[in-house]
Amino acid sequence: MNTKFETIQLEQKGDFAVLTISREKSLNALNLQVHTELHACLSTLKNNADKLRGLILTGAGEKAFIAGADIVEMSKMSSQEAFDFATLGQQVSLLFEELPFPVIACVNGFALGGGCEMAMSCDFIYATQTAMFGQPEVKLGLIPGFGGTQRLAKLIGRNKAKELIFTGRNIKVEEAKEMGLVVKTFETKDEMLAAAVTTLTKIGMNSPLAVSVAKRVMNEGCDLTIEDGLKVEAKYFGEIFGTADMIEGTTAFLEKRKANFNN
Ligand code: DAK
């Protein structure tokens, strides 16, 4: 896998990888280069998915996860460049959802605008006590453009999302957790990263196929009516039947041993 990038770092640790946005001087703001490199990196991970069981997304340093789209760069964009930038950003957010293994956003410090949106395109969010979330785009005469109007409403409910997006206010980690945006909080970044590895290790002991199918069904089905969502669930439930992982999992249960999904 090509892991040589300038604005991001990909570090593989056994079955897992840690992807770090590395523009610490600009609080890891997302410019075109970050998006271009993320797109290349995530496409490679998607095409080599059999080599990984999970991904952690975080920001370099202690102060920010991602402080949003790069306002300096964005302010100079033409309408066409803004459209291309938004399209690439949206493709990146979809790539996180399409990866066939879990992705945990580990939020340290500011996750604003495009940063909050990037975290929401991961499967779930861990955060430190210093984390701060917000969609301040309306303060800049913009609206969220990397899926924030959609994903935030789906995650915390439309009314709460409207209140956050219309006011553009930042929220501290306690409120983000209370709203269901954040799953777990930690004192330090190191503690959070270690916990994310522990969680991915636990998930990694389950059937990788079943985890990836569960992710796909939930991403595809959760926005449908309950009837249509159940149809998606039944379709994939049928497809997973008779697979090597299903046979190993059920056989191990009957033989009173731990399943080994590595074969
Ligand atoms: N972009 C570029 N540089 C940034 C930045 C950003 N988003 N955020 C911070 N920086 C830079 C600062 O300019 C400063 O640089 P120097 O002056 O040192 O060169 C450095 O990072 C440190 O920041 P501060 O000095 O401001 O640090 P403070 O602790 O005082 O404040 C802060 C931290 C996070 C509260 C503050 O920096 C801040 O408010 N930053 C902006 C946060 C923000 O508004 N984020 C949302 C950006 S808008 C779209 C698709 C997507 C989007 C839009 C459209 N399409 C559909 C077209 C997404 C939009 C956004 O994300």
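The values are calculated or read from the model by the stated rules, or taken from the named source; none is laboratory data. On a predicted model such as this, the values are computed, not experimentally measured, just so you know. Glycine gets a Cβ as well: all are built from the backbone with ideal geometry, and neighbour counts include every protein chain shown. Surface areas here come from the heavy atoms of the whole protein model, side chains and all, with no ligands, DNA or RNA. Shrake-Rupley method; radii C 1.70, N 1.55, O 1.52, S 1.80 Å.
Restricting Met192, Met218 to residues that are out of contact with any helix residue (DSSP H, G or I) (no Cβ under 8 Å at 6 or more places or on another chain) and farther than 19 Å from Gly115 by Cα narrows the list to Met218.
When region 121-139 is filtered for residues that are of a type outside the set (A, V, I, L, M, F, W, C), open to solvent by 50 Å² or more (accessible area, probe 1.4 Å) and over 13 Å from Leu164 (Cα atoms), the ones remaining, listed by number, are Asp123, Gln129, Thr130. Residues of region 54-75 that are surrounded by fewer than 23 Cβ atoms within 10 Å (Cβ to Cβ) and more than 22 Å from Gln91 (Cβ to Cβ): Ala60, Gly61, Glu62, Lys63, Val72, Ser75.
Which residues, counting only those in region 136-157, are closer than 30 Å to Val211 by Cβ and within 12 Å of the ligand (Cβ to nearest atom)? I'd like the intermediate steps shown before the answer.
Filtering region 136-157 for residues closer than 30 Å to Val211 by Cβ gives 144, 146-157.
Residues satisfying the conditions are Pro144, Phe146, Gly147, Gly148, Thr149.
Among the candidates Ser26, Ser22, Ser75, the residue that is more than 10 Å from the ligand (Cβ to nearest atom) and among the hydroxyl-bearing types (Ser, Thr, Tyr) is uniquely Ser22.
A quick yes/no check of all residues on (1) at pLDDT 95 or above; (2) open to solvent by less than 50 Å² (accessible area, probe 1.4 Å):
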site	(1), (2)
Asn2	no, no
Thr7	yes, yes
Val18	yes, yes
Glu24	yes, no
Ala29	yes, yes
His35	yes, yes
Ala40	yes, yes
Ser43	yes, yes
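Contact map, region 113-132: residues that are closer than 12 Å to Arg151 by Cα and part of a loop (DSSP other than H, G, I, E, B) paired with residues that are among the aliphatic types (A, V, I, L, M) and open to solvent by less than 10 Å² (accessible area, probe 1.4 Å), Cβ distance under 6 Å, separation 6+ or inter-chain. Pairs shown: Cys122/Leu57; Cys122/Val103; Cys122/Ala105; Asp123/Val103.
Mind checking which residues of region 212-263 are open to solvent by 70 Å² or more (accessible area, probe 1.4 Å) and of a type in the set (Phe, Trp, Tyr)? The answer is Phe237, Phe241, Phe253.
Just to be sure before I move on: is Lys160 over 19 Å from the mean Cα position of the chain (by Cα), more than 27 Å from Phe16 (Cβ to Cβ) and within 16 Å of the ligand (Cβ to nearest atom) in the structure I sent? Lay out the reasoning, then the answer.
Details: over 19 Å from the mean Cα position of the chain (by Cα): yes; more than 27 Å from Phe16 (Cβ to Cβ): yes; within 16 Å of the ligand (Cβ to nearest atom): no.
Considered against the rule, which asks whether it is over 19 Å from the mean Cα position of the chain (by Cα), more than 27 Å from Phe16 (Cβ to Cβ) and within 16 Å of the ligand (Cβ to nearest atom), Lys160 comes out as no.
Look at Cys116 and say whether it is within 11 Å of the ligand (Cβ to nearest atom), under 16 Å from the mean Cα position of the chain (by Cα) and either within 30 Å of Asp15 (Cβ to Cβ) or surrounded by fewer than 17 Cβ atoms within 10 Å (Cβ to Cβ) (or both). Yes.
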